[in-house]
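Scroll down for the structure; my scribbles are underneath it.
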Amino acid sequence: MSHNIEQLQRHEIPNRVRFVPGNGGLTKTVVTTNTSAAEIYLHGAHVTGFQKNAEPPLLFMSAKSSFTAEKAIRGGVPICFPWFGSRAGVPAHHAPCGIRGSPARSAQRGARPFIKAGCKPSPVAGAA
């Protein structure tokens, strides 16, 4: 599921935090500082890229990542609790926000941008 980019733009910080269309139609956040850049998909609050200026990327992304709302993104840094793997009746690598996550706000302290993500309850959030 793609979020409404126009609605998310109110959370942008010029030259620091942007919301853009990402792979598979999913929305990603691009965060830029004076020393590095990161990309974070709202789908599962998943960090898919981090790179210091003039250095190689520090995160691995699988070529098998499908970037669809129905599956977890492979590689990078997922927020995946309460489990990692398959469980009866619930998706593998359950993300607490899944596709329902949305940014609550972004802020800047000095040269450091911050993003605070909000979550809406997921139908499987209480699964054991």
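For this structure, a couple of remarks:
- Residues T35, T29, ranked from the fewest to the most other C-beta atoms within 10 Å, line up as T35, T29.
- Going by neighbour counts of Cβ atoms within 10 Å, the residues H46, H11 line up, fewest first, as H11, H46.
- Exposure proxy shown here: for I115, I5, the number of other Cβ atoms within 10 Å sets the order, fewest to most, as I5, I115.
- Gain on full stretching of the segment that runs from T32 to A63 - 0.36 nm per residue minus C-alpha separation: 8.7 nm
- Here K28 is the anchor, and the aspartates and glutamates within straight C-alpha reach of less than 14 Å, apart from those fewer than 8 places off in the same chain, are E6, E12, E39.
Computed from the coordinates by the stated procedures, all read-outs in this text should not be read as laboratory data. Because the structure is a prediction, the values reported are computed rather than measured. FYI the Cβ positions are ideal-geometry reconstructions off the backbone, even for glycines, and counts take in every protein chain you see.
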